[in-house]
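Working notes, beginning with the structure itself.
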Amino acid sequence: MTVLLGEATFTGPSAVSVDGAVNQFRQAMVATGAAPMIPDIPGLADVEPLTSQTLWDIDRLPCRLLVIGAGPVGCEMAQAFARLGSAVTLVETADRLLPREDPDASALVTAALRRDGVDVRLSRRIVEVVGEASGRSSGKVLLVGGPIAETVGFDTVLVATGRLARTSGMGLDRAGVTLTSDGAVDVDRHLRTSNPRIWAAGDVTPFPHLTHLASQHAGLATLNALLGLRRAVDSTAVPRVVYTDPEVASVGEPTWSSTPGAHPPTATRHHDHVDRAVAEGSTDGFSRLALSPRGARIVGATLVGPRAGESIAELTLAVRRRMRVTDLAATIHAYPTYADGPYNAAVDEVRRRLAHPLAQKTVGAWLAGRRAWLGRRSTTTN
């Protein structure tokens, strides 16, 4: 393997220049990842905001930290710095934290952050950032969206409003590689770009920006490129975890509906009925299974509580293998563990279905037939 360190740009459909030296290729992989997105807010760039990349370079705790964006990174860092001692204000344009997650999960995380001292401002939009003359990173922001316009002071700003694919300046147009409307490399289900010689994987593609997903896609695209395979991306069971306290882990189809009044089939076990959670005093959580329309199969899940990121692994397998609720309910689980949550949610669902009058009638008829058959068999044997 020859390793070249430098800035690479495509010069054509089968050539790339590295610091001016042109190299021909038969197959190429684009894996340049994504960079934090800085929103276009007047004055924001002037206060030198931190991002998920530059945050780790600071060596002093901010006295007043303003976090813009309440996705996973925003919530995780807001809680962490509040526990370290910063006065944290978290601003989000949506009406709840973690808008991609189950609303009940969002409510639990919101309550936890507020208990830790985070000033959560929802349905607020920053229209201006004004820096102070005494320091480049200090200042105040003007918020709108509430009953009145508000100002919030800060010493440091952390921007956590998402990430954009790193594709600019690479000459992808010269290589014949098509981009999506938001600048990501457009790929097919085999991770091949519009140029059949070039592949892409990771955060540079339109798929969710998750480290474990990027790793899996990189292996898939490499095998397809080098061995001529046609392995396709499977997005039915991609787990994700928000590392707040409590943790929020999700996989598969949503356990909630964004349409008011619509309720997908679910089975829920609240953690005040999970003995491990009761023993550890961590009952502010739940395990919720998303079920197929007839309630037979597990198609998604949301877990909220300690070790949710570990417990979601079993449900990821269940979603991927299209397991039935009865499969999970019939599997022996160690006691007491947090895995009892989804297990007991499945048991509750099986019991609920068996309690249905039609199910009871069917089971009763089967048992009556079974007893009659056993009686006839006993008579014949005697």
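Here, each number is a calculation from the coordinates, and none is a lab measurement. Note that the coordinates shown come from a computational prediction; the quantities given were computed from them, not determined experimentally. Because the Cβ atoms are built from the backbone with ideal geometry, glycine has one as well, and the counts that use them run over all protein chains shown.
See the values below:
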read-out	value
Length-normalised contact order for the chain - Cα pairs under 8 Å, 6+ apart - percent	14
All Cα pairs of the stretch 188-290, percent lying beyond 24 Å	46
Cβ crowding within 10 Å averaged over residues, with 86-92, 229-235 ranked highest first	86-92, 229-235
Cα-centred dipole magnitude for the chain, charges only on beta-carbon of K, R (+1) and D, E (-1), debye, nearest 20	2380
Extreme residue, positive dipole direction of the stretch 240-354, given options A318, A308, V242 (C-beta unit charges)	A318
Antiparallel bridge percentage (DSSP; both residues within the chain; nearest 5)	75
Mean Cβ neighbour count within 10 Å, used as a protection proxy, ranking 110-123, 336-349 highest first	336-349, 110-123
Cα shape, the chain, gyration tensor, a/c 1.5 rule	oblate
Phi-based couplings in Hz for the stretch 23-28 (Karplus 6.51, -1.76, 1.60; Gly and Pro marked x)	10, 8, 9, 8, 9, 9
Karplus-derived 3J(HN,Hα), 6.51/-1.76/1.60, for each residue of the stretch 273-282, Hz, glycine and proline x	10, 10, 4, 5, 5, 5, 4, 9, x, 10
Positive minus negative residues near T283 (Lys, Arg vs Asp, Glu; Cβ under 11 Å)	-3
Residue-by-residue Karplus 3J(HN,Hα) for the stretch 42-47, coefficients 6.51, -1.76, 1.60, Hz, glycine and proline x	x, x, 5, 4, 5, 9
Structure-based [θ]222 nm, the chain - -39500 (n - 2.57) summed over DSSP H runs of at least 4, per residue, nearest 500	-9000 deg cm²/dmol
Length-normalised contact order of the stretch 240-354 in % [C-alpha pairs under 8 Å, at least 6 apart]	29
Dipole-positive endmost among I38, A296, T151 within the chain (Cβ charges, Cα centre)	A296
Nearest-ten-degree value, helix 357-381 long axis tilted from longest Cα axis of the chain	40
Peptides 185-197, 51-63 ordered by average Cβ neighbours within 10 Å, highest first	185-197, 51-63
Built amide H within the under 5 Å cut-off of V177, gap 5+	none
All-pairs Cα distance distribution in the stretch 45-161, expressed in whole percent, bin size 5 Å	2, 12, 24, 25, 21, 11, 4, 1, 0
